[in-house]
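Derivation of every value follows stated rules applied to the coordinates shown; laboratory data play no part. On a predicted model such as this, the values are computed, not experimentally measured, just so you know. Note that we place each Cβ from the backbone using ideal geometry, even for glycine, and neighbour counts take in every protein chain shown.
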Amino acid sequence: MTAPPSQQAVQQGQAVYSKKILNIYDWLVLRISNPFIWRCRTAHIKRLYEQNLSVRHLDVGVGTGYFLDKCSFPVSYPELVLLDMNLNCLEETSQRVMRYHPVSHQINILEPLNVKEQPFQSIAVNYLLHCLPGSIATKSVVFDHLLPYLAKDGVIFGSTLLNKGGAHNFFSRRLMSFYNDKGIFHNTEDSLEELEAALAKRFKRYELKVYGVGVLFKAWNPIALPPK
Ligand SMILES: C[S@@+](CC[C@H](N)C(=O)[O-])C[C@H]1O[C@@H](n2cnc3c(N)ncnc32)[C@H](O)[C@@H]1O
């Protein structure tokens, strides 16, 4: 059995998102790192959101709420629930998408959930997995925690950055190893094969698409719902 991730590592994966960092996050990550370092363009992720956002959406690991703000929901007044361990992210995002009157919960997604709003037609876990400590096999517990909250015909989608399997170059390797040294990323062991195995174990249908060192995924038709 793999040992559970240390609390320190879990804390580190979200602690970087101070108000100051959130002020530059969209520029630094979405405008600079995504196209030029990770080569996983923000436009690809935006399209993934556009295609999968639903009337009842749960967003996990919300950051600045950029995609929730910029992408269209299929209705004017979707039900929107935000989950994050970091209060700054929850505050920033709920301000930004105030027009949807979101409900926020401060939670560690590596622990079992207790959220009364459910089920959700869409659940996003965007750029979350590479922040979580552990191997893909262990951090995929996130899917087990979320599956009971997914509607029968719902979809889980998102993207993550890989250390193994993506098309790395000098700059992406350097920046990824810097972020791992700082504890901001925890993805030294993350590979495409393991992500695919984690989805295949839980869903009858899934899709993965690699761009640079990023992978976009969506999964639906769960194999069996784990007990809550
Ligand atoms: C890289 S940001 C992604 C932000 C946003 N989804 C996006 O794609 O722009 C990672 C987010 O995951 C949150 N996070 C990190 N570890 C977490 C945990 N254990 N439980 C819940 N949220 C976590 C961070 O606070 C942050 O909001």
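At-a-glance table
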{"item": "Cβ-derived FRET efficiency at R0 25 Å, Glu117 paired with Gln51, nearest 0.05", "result": "0.65"}
{"item": "Extension reserve of the Leu208-Ala224 stretch, reckoned as 0.36 nm per residue once the Cα distance is removed", "result": "3.7 nm"}
{"item": "The chain - Debye-derived log10 I(q)/I(0), Cα point model, q = 0.08, 0.13, 0.16 Å⁻¹", "result": "-0.25, -0.71, -1.15"}
{"item": "Region 83-135-region 1-69 distance, computed between alpha-carbon centres (Å)", "result": "11"}
{"item": "Of Lys152/Lys201; Lys116/Lys139; Lys46/Lys218; Lys116/Lys209; Lys70/Lys209; Lys20/Lys209, those spanning more than 25 Å from alpha-carbon to alpha-carbon", "result": "Lys116/Lys209; Lys20/Lys209"}
{"item": "Range of Cα positions in region 6-49 per principal axis (Å), largest first", "result": "33, 22, 21"}
{"item": "Estimated distance in nm for a label pair at Lys152 and Gln95, the labels positioned 7 Å out from Cα along Cα-to-Cβ", "result": "4.2"}
{"item": "Longest to shortest principal axis, alpha-carbon extents of region 11-124, angstrom", "result": "38, 31, 24"}
{"item": "Cβ-Cβ FRET estimate between Asn169 and Gln8, R0 fixed at 30 Å, reported to 0.05", "result": "0.45"}
{"item": "Length-normalised contact order for the chain - Cα pairs under 8 Å, 6+ apart - percent", "result": "21"}
{"item": "Net charge contributed by nearby residues that have their C-beta within less than 13 Å of Phe157 (K/R +1, D/E -1)", "result": "+2"}
{"item": "Unit charges on C-beta of K, R, D, E only; dipole of region 1-110, Debye", "result": "380"}
{"item": "Counted charge near Ala219, where neighbours are those whose Cβ lies closer than 12 Å (Asp, Glu -1; Lys, Arg +1)", "result": "+3"}
{"item": "Gained length - Asn180 relative to Ile24, 0.36 nm times residue gap less alpha-carbon distance", "result": "54.2 nm"}
